[in-house]
Amino acid sequence: MTAFNLCAQPFKYHVETSKYMKNKIIIGIVILAAVGLGYWYFAPPQDILQYHFAEHTNLALHHHINLTILISNNSMQIPADIGIDDKGMRVVHTHDDTGRIHIEGPYPHDFYLKDFFTVWGKRFDNQCIMNYCVNDKHTLTVMVNGVQSDDYENILMVDEDVVIIDYRTIS
């Protein structure tokens, strides 16, 4: 065996080990990329209110509440198709103008009355319902299933709840 052959053996081993490690690294990167892309593609949006779906199938959550808004004893019509656009239906939406709010989602989640008003783009809190605000001549109350609530926008929407928001003149 020559001196050249003795030196070539460790070099050959080093080259083969480097190729093996390089292949392992490439496979690892491919696996991480696939997992990352899979999460990005299948993960729900961070803001559930931005989620759109095309039809009422494969839902983990399907609730309805009935909302009435009274302004000076007059019932305000809640428009049809709030939360429905060309992208589909958002998790909180209406189909008609009856005040029936549909709460549907791909996974269980607590939704609050403020979520409906966020989707609608209208203000609702303990001071105002849209442009109607509490002052020395007007009050704002909320009833849930006949019981007054001080939670206003933070009312948890529970299936088949009846919610009445009442803005009225003080007598």
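Sorted by accessible area with a 1.4 angstrom probe, largest first, how do S171, S149, S72 fall?
I get S171, S72, S149, largest accessible area first.
Ignoring ligands, DNA and RNA, what accessible area per residue does region 57-169 give at 1.4 Å, in Å²?
51
Order of 63-71, 75-83 by packing, highest average Cβ count within 10 Å first?
In descending order of packing, they fall as 63-71, 75-83.
Quick check: net charge around L67, other residues with Cβ under 13 Å of its Cβ, Lys/Arg +1 and Asp/Glu -1?
-4
If we count every other residue with Cβ under 9 angstrom of I103's Cβ, Lys/Arg +1 and Asp/Glu -1, where does the sum land?
Net charge in that neighbourhood comes out at -3.
Of the accessible area of region 18-171, with the probe set at 1.4 angstrom, what percent is carbon plus sulfur?
55
Quick one: what are the phi-derived ³J(HN,Hα) couplings along region 69-78, Karplus 6.51/-1.76/1.60 with θ = phi - 60°, whole Hz, x for glycine and proline?
Here the 3J(HN,Hα) series is 10, 10, 10, 6, 6, 9, 6, 8, 6, 8 Hz.
Quick check on packing: order 89-101, 153-165 by the mean number of other C-beta atoms within 10 Å, highest mean leading.
89-101, 153-165
The values are calculated or read from the model by the stated rules, or taken from the named source; none is laboratory data. Just so you know, these numbers come straight off a predicted model, no measurement behind them. Backbone-built Cβ (ideal geometry, glycine too); neighbour counts: all protein chains shown. Remember, those area values only see protein heavy atoms, side chains included, never the ligands or the DNA or RNA. Shrake-Rupley method; radii C 1.70, N 1.55, O 1.52, S 1.80 Å.
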